[in-house]
Amino acid sequence: MFELIGVVIGAFLSGLVSDRLAFRSEKGPRISNPTRWVFAVIGGALFGLGAQFARGCTSGAALSGMAVLSTAGFVTMLAIFGSGYMVAYFFRRLWI
């Protein structure tokens with residue numbers, strides 16, 4: 001909990017010192033801010049749902065599994081990036 005608070009405070013202070021403290025959404029020219037936020041929330045929820053089905057963090061499973069040369073780690077990483085590329089194909093018109 002203290003680490004999370006420290007990261008938030010540190011990020012705030014860094015933005016304040018560098019005069020970059022502002023709320024903005026990075027998005028393509030064909031998508032509105034509310035749509036961008038809806039897609040971000042849906043993507044986060046799906047990733048969290050996948051973590052629950054997998055009984056743990058999918059990113060951690062991929063990275064730590066690949067570090068010990070586990071087949072499951074490589075399969076997990078391929079599934080994460082493969083599904084990302086497949087979904088990006090359908091939403092690419094919003095970013096170009």
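Measuring gaps between exposed loop sites in the chain (trypsin sites (Lys or Arg not before Pro); DSSP loop; at most 10 other Cβ atoms within 10 Å), the longest gap, sites not included, is 56-96.
Only helices reaching 27 angstrom along their own axis (Cα) with mean Kyte-Doolittle hydropathy no lower than -0.5 count here, and for the DSSP H runs of the chain these are 33-53, 71-91. Rounded, prolate or oblate: which fits the chain when a ≥ b ≥ c are the square roots of the eigenvalues of the alpha-carbon gyration tensor, with rounded for a/c under 1.5 and prolate only if a/b beats b/c? Oblate, because a/c is 1.5 or more while a/b does not exceed b/c. In plain terms, the chain is cut at each of the chymotrypsin sites (Phe, Trp or Tyr not before Pro) found in a DSSP loop with at most 14 other Cβ atoms within 10 Å, and the longest leftover piece is 24-94.
Any read-out appearing in this document is the output of simple, stated calculations on the displayed coordinates, not a laboratory observation. These numbers were taken from a predicted model, which means no experiment stands behind them. Positions of Cβ are generated from backbone atoms using ideal geometry, with glycine treated the same way; all protein chains shown enter the neighbour counts.
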